[in-house]
Structure formats: structure tokens, C-alpha cells
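In what follows, a structure is listed as C-alpha cells, so that the remarks can point back to it.
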Amino acid sequence: MHVPVLTIDGPSGAGKGTVSRAVAKLLGWNYLDSGSIYRSLAVAVLKSSVELTDVTAICRVAEAMSLEFDCGDELIVKLDGADITSQLGTETTGNTASVIAVYPEVRSVLLQKQKDFQRLPGLVADGRDMGSVVFQDAKIKVYLTASAEERALRRYKQLIEKGIDANLLQITREIEERDRRDQQRAAAPLTVPEGAHYIDSSSLTIQQVIDQVVNLVD
Ligand code: DC
């Protein structure tokens, strides 16, 4: 049975998550937040005594972990039965995810866990390599980006709103470093997939981006 897929690739902080969730809800399709799979593995690895350089051990952790996703209004993720949602958004988790995502062996263990989300009536898949690697055959591909400064500012505002102390300059540097690592890695680097619709959200509202993406499906 053919299950349509809409992929949204792009760097960290471009608004992929908000846009993908809203579009999936409007279409009534399933939603894959692939970053949360890498982040869940990062939480599992940080909990274990495994070194971030020990690829074989990281793969063992990835193969053994059981993940449950509840994609309601708020995404809830359980790792081996325990709710880890609150740990997924931290900078340590994100940076660790970016480090372990460099290994092709790790990516290949996580590949099937992502493909399992392709179920009727359709899938909106959000991540770095959705259109370029995981769902290469997707009919509609989007590459959503924004300048590093704008993405850092958005992240800064989110943290301040949550009452978390934040430093804009440091966040900008971390975003630039993560972009570099995601773009330069040999395995599935962040890239604009062939045939993707390129959207720069730097001066667009979230609603404008959502409208543009939904129009592509219509
Ligand atoms: O999208 P995110 O910030 O939640 O992702 C965290 C890290 O996980 C990101 O820096 C790289 C990795 N990742 C990846 O390599 N491929 C994906 N499809 C999603 C995330």
C-alpha cells in the first residue's frame, strides 16, 4: 500500500519541529521527529557507562533500547518504559546526539526505527536526512532553514521564556558548531535534497511557513 511521505530537512532551530507537527495535524498524518530518536539514544548512552568514542557499544545500546512515542499535542517519549521527555531538549542531550550521529553504524541501526513510522494515511518526517537518505522516494520534500543568528535568537528566547539562564553569543557558537558537524560528517550529511522546495524562514512567521508547506501537498 502506498503511504505518502512529506519530508522536512534542515538545520537545528529552523522551526522544522513546529512546522512539521502543525502540518501533520492539519493533514491528519503521522509525525516522525527523527531528532528525538537520536536524542533518546543520547540519553540512553549518557545513562550507561559507554564512551562516546566506542561505536560498537553505542550500537549495542541502540539495538537494545525500546522506544515508545506518544505523538499527541506534546510529544512524550519513553525509553525502556521510563518517561524521558524532559531530558530530550537539553543542550547536553542535543550535543551528544550530534556527536553519536556522526557514526554510520549508529545511523544504520536507527534507520529501521525511523522507517517504521511510515504508516497510513501518510507521514510528515522531520530531520536532517529525511528527504536525502531515509525517505528518498518521498513525493514532497522541503528544506527549511534560517540564518544561524536568527536560529540562535529563537533558541535564546525559548530558554528565557522557560526561565533558563542563557547566553546568546554562546548559543550562536554552539549552533554554528553543530551545523558544521552535521554538514561535514561523511555519513548522511545535512544537505538540500534533490528536488526539495527551499524555504528560508528567517523573515517569515511560523504560520506563513506552515501555509507554504501545506500548499505543496494540496
Ligand atoms: O533535530 P535535533 O536538534 O533534535 O537533532 C539532534 C541531533 O541529532 C542533530 O544535531 C544531529 C542528529 N540527527 C541526525 O543526525 N539526523 C536526523 N535525522 C535527526 C537528528
(request) With a point put 7 Å past each Cα toward its Cβ, work out how far residue 82 is from residue 116 in nm, to one decimal. (result) 2.0
(request) Obtain the nm distance between the two label points defined at residue 194 and residue 95 by a simple spin-label model: each point lies 7 Å from its Cα along the Cα-to-C-beta direction. (result) 3.8
(message) Between the range 148-192 and the range 24-73, how far is it from one alpha carbon centroid to the other, in angstrom?
(response) 20
(message) Give me the percent relative contact order of the chain, please, defined on Cα pairs under 8 angstrom at least 6 residues apart.
(response) 34
(message) For the range 52-99, what does the relative contact order come out to in percent, with C-alpha contacts under 8 Å and a separation of six or more?
(response) 22
(message) Which three extents, in angstrom, do the Cα atoms of the range 118-218 have along their principal axes, listed largest first?
(response) 42, 34, 24
(message) As I understand it, the dipole of the range 1-122 uses +1 on the Cβ of Lys and Arg and -1 on the Cβ of Asp and Glu, about the Cα centre. Which of 109, 69, 31 lies farthest toward its positive end?
(response) 31
(request) Just name one of 153, 136, 41: the one whose Cα is farthest towards the positive end of the charge dipole of the chain (beta-carbon charges, Lys/Arg +1, Asp/Glu -1). (result) 136
(message) Give me the mean projected area, in nm² to one decimal, of the convex hull enclosing the Cα positions of the range 42-104.
(response) 4.5
(request) Once you have a ≥ b ≥ c as the square roots of the Cα gyration tensor eigenvalues for the range 166-207, tell me rounded if a/c is under 1.5, and otherwise prolate or oblate according to whether a/b is larger than b/c. (result) oblate
(message) At 0.36 nm per residue, and after removing the present C-alpha to C-alpha distance, how many nm does the segment from residue 203 to residue 176 gain when stretched out fully?
(response) 7.8 nm
(request) Please compute the Cα-Cα pair-distance distribution of the chain with 10 Å bins starting at 0, giving whole percents from short to long. (result) 8, 34, 40, 17, 1
(message) Using a Förster radius of 30 Å, what is the FRET efficiency between residue 161 and residue 48 based on their Cβ-Cβ separation? Nearest 0.05, please.
(response) 0.40
(request) Any chance you could count the Lys pairs in the chain whose alpha carbons are under 28 Å apart, treating pairs 8 or more apart or on different chains as valid? (result) 28
(message) I need 157, 78 ordered by Cβ neighbour count within 10 Å, fewest first.
(response) 157, 78
(message) Based only on other Cβ atoms within 10 Å, what is the fewest-to-most ordering of 16, 162, 113?
(response) 162, 113, 16
(message) Need one number: the % of Cα-Cα pairs in the range 1-50 sitting beyond the 18 Å mark.
(response) 45
(message) At q = 0.18, 0.19, 0.20, 0.21 Å⁻¹, what log₁₀ I(q)/I(0) does the range 1-120 have when each alpha carbon counts as one equal point scatterer in the Debye sum?
(response) -0.99, -1.10, -1.20, -1.31
(message) How big is the range 69-147 along each principal axis, measuring the range of its Cα positions in Å and listing the largest first?
(response) 35, 31, 29
(message) Out of the GluC sites (Glu not before Pro) in the range 55-90, which ones are loop residues according to DSSP with at most 13 other C-beta atoms within 10 Å?
(response) 74
(request) Just the number, please: percent antiparallel of the DSSP beta bridges in the chain, rounded to the nearest 5. (result) 30
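Rule-based calculations on the coordinates, nothing more; no lab input. None of the values given here were measured: they were computed from a predicted structure. Counting neighbours? That spans all protein chains shown, and the Cβs are built from the backbone with ideal geometry, glycine included.
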